[in-house]
Amino acid sequence: MAGLADLVSKTLTTPHPLDRYLELISPTLTVRALRAEITHVRRSAVGSVTLTLRPNRKGAAEHLAGQYVQIGVVIDGVRHTRCYSPVHAQGRRDRHIELTIKAHPGGLVSQYLNEEAVPGMVVDLTPAAGVFHLPEHRPDRIVLISGGSGITPVLSMLRTLANEGYRGQVLFLHYNRSPEWVPHRTELEAIAMQHSNFRVEFRYPELQRDPNFGYDELESLAPWFAQAQTFLCGPGGLMKAVRTVYEAENLSDRLHMEEFTLAVAPVDPASAEGEITFSDSAVTTDNTGATLLEQAESAGLTPEYGCRMGICFSCTAVKRSGCTRNLRTGELDSDPDQPIQLCINAAVGDVDIAI
């Protein structure tokens, strides 16, 4: 009896075992874990799905327009997490979260949710985070530029401005392959009709890698863009084209960017040197030049990760020794005992990582 009493006492006083019992009643009923139930699934645009989530905790849906959340799903017995930007307006009253997720080729989680998501499904959730968002004090003029699935954070910004009755000038410029691929296109057109100070434009370039973006087009759409704050999210080609214009006009300080892919130059395996030691796992492998996250996975390890593009910091681990290169900035770091992000760092010679 004493053993049974101890077991009951432990169950009622230890959060994690208690969560396991509560899950038998309802998957969203937990003491510590933040989760959300999918309440609505809508597939109105080609190649994407829109999910409405009901979090299990008050305040979990709070976000600044442009930020992201992480959601986790179990696929074939393995839990995977990814970052997605809510598309609903900041300060949504029903405290639900709306996500529009494009099915990326080879994207395990995005493909799964596009094909399998149904009302009643429960996903893990983290609070909103990220520095890409509308400032608290709204600028007098705003330019929102996006391409493909990069529409999600700037759509949240546009919806927020519309809900607030924003009186400044707004240009919303979106690139996609064709009209049927643009999520929420009907709503975007309606916002433009309802707000005379909002201009919504779509572009459908024949080649997705060539957005045909330039100074002349931006000047024709928003002659005031030099006085605006610009928020940009999209594929590498579009990001580069916009950045080039703003750098030429000395407006880099007015351009705020969020990348949804990690664009890095491929590494020639023949040029990679040294070994990578994952000391906590007693595993050593030859350095291939790939990211530390990819090399850990190739070595049979399963480090935690989320976005795989240096945004969410889920894959942060301590580099005990050696030199690494940040694949986004090109910067080298040879200081010992430093936390680094595995998904955007590669080894330069011998490196010891504490995983």
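The values are calculated or read from the model by the stated rules, or taken from the named source; none is laboratory data. Just so we're clear, the structure is a prediction, and the values are computed from it rather than from any experiment. A quick note on method: Cβ atoms are made from the backbone with ideal geometry, for glycine too, and the neighbour counts reach across all protein chains shown. Heavy atoms of the whole protein, side chains included, go into the accessibility calculation; ligands, DNA and RNA do not. Shrake-Rupley method; radii C 1.70, N 1.55, O 1.52, S 1.80 Å.
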Query raised in the report: modelled with pLDDT under 95, farther than 24 Å from LYS58 by Cα and touching a Pro at 6+ places or on another chain (Cβ under 7 Å), is that true of GLY148?
Result: yes
Query raised in the report: Hey, THR11 hits all of (1) modelled with pLDDT under 90; (2) in a loop (DSSP other than H, G, I, E, B) but one; which does it fall short on?
Result: (2)
Requested in this report: State which residue is most open to solvent (accessible area, probe 1.4 Å) when the search covers only region 103-112 and only residues that are in contact with a Lys or Arg (Cβ under 9 Å, 6 or more places away or on another chain) and among the aliphatic types (A, V, I, L, M).
Outcome: LEU108
Query raised in the report: With SER281, SER298, SER271 as the choices, which residue is more than 19 Å from the chain's Cα centre (by Cα) and modelled with pLDDT under 75?
Result: SER271
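Among the strands (runs of 3 or more DSSP E) contained in region 66-118, which hold 2 or more residues that are of a type in the set (Ser, Thr, Tyr)?
Numbers: elements: 69-75, 78-84, 97-102.
Result: 78-84.
Listed residues ARG92, ARG32, ARG42, ARG54; which is over 20 Å from GLY148 (Cβ atoms) and modelled with pLDDT of 95 or more?
So the residue among ARG92, ARG32, ARG42, ARG54 that is over 20 Å from GLY148 (Cβ atoms) and modelled with pLDDT of 95 or more is ARG54.
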Report summary line: Note on region 312-340: residues under 18 Å from GLN70 (Cβ atoms) and open to solvent by 30 Å² or more (accessible area, probe 1.4 Å) are PHE313, THR316
Query raised in the report: Somewhere in region 120-142, is a residue open to solvent by less than 50 Å² (accessible area, probe 1.4 Å), over 22 Å from ARG54 (Cβ atoms) and outside any loop (DSSP other than H, G, I, E, B)?
Result: yes
Query raised in the report: Which numbered condition trips up GLU201, out of (1) over 20 Å from VAL46 (Cα atoms); (2) assigned to a strand (DSSP E or B)?
Result: (1)
Report task. Scan region 168-195 for residues that are in contact with a helix residue (DSSP H, G or I) (Cβ under 9 Å, 6 or more places away or on another chain), under 18 Å from LEU221 (Cα atoms) and assigned to a helix (DSSP H, G or I) and report the count. Result -> 2
Query raised in the report: If you check every pair at least six apart or on different chains, which have Cβ atoms under 6 Å apart with a residue in region 326-344 that is more than 14 Å from THR291 (Cβ to Cβ) first and a residue that is open to solvent by less than 90 Å² (accessible area, probe 1.4 Å) and small (Gly, Ala, Ser) second?
Result: PRO336/SER321
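To keep it simple, each residue is scored yes or no on (1) at pLDDT 95 or above; (2) closer than 30 Å to ARG328 by Cα; (3) not small (Gly, Ala, Ser).
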residue: THR152; (1), (2), (3): yes, yes, yes
residue: LEU158; (1), (2), (3): yes, yes, yes
residue: PRO205; (1), (2), (3): no, yes, yes
residue: GLY236; (1), (2), (3): no, yes, no
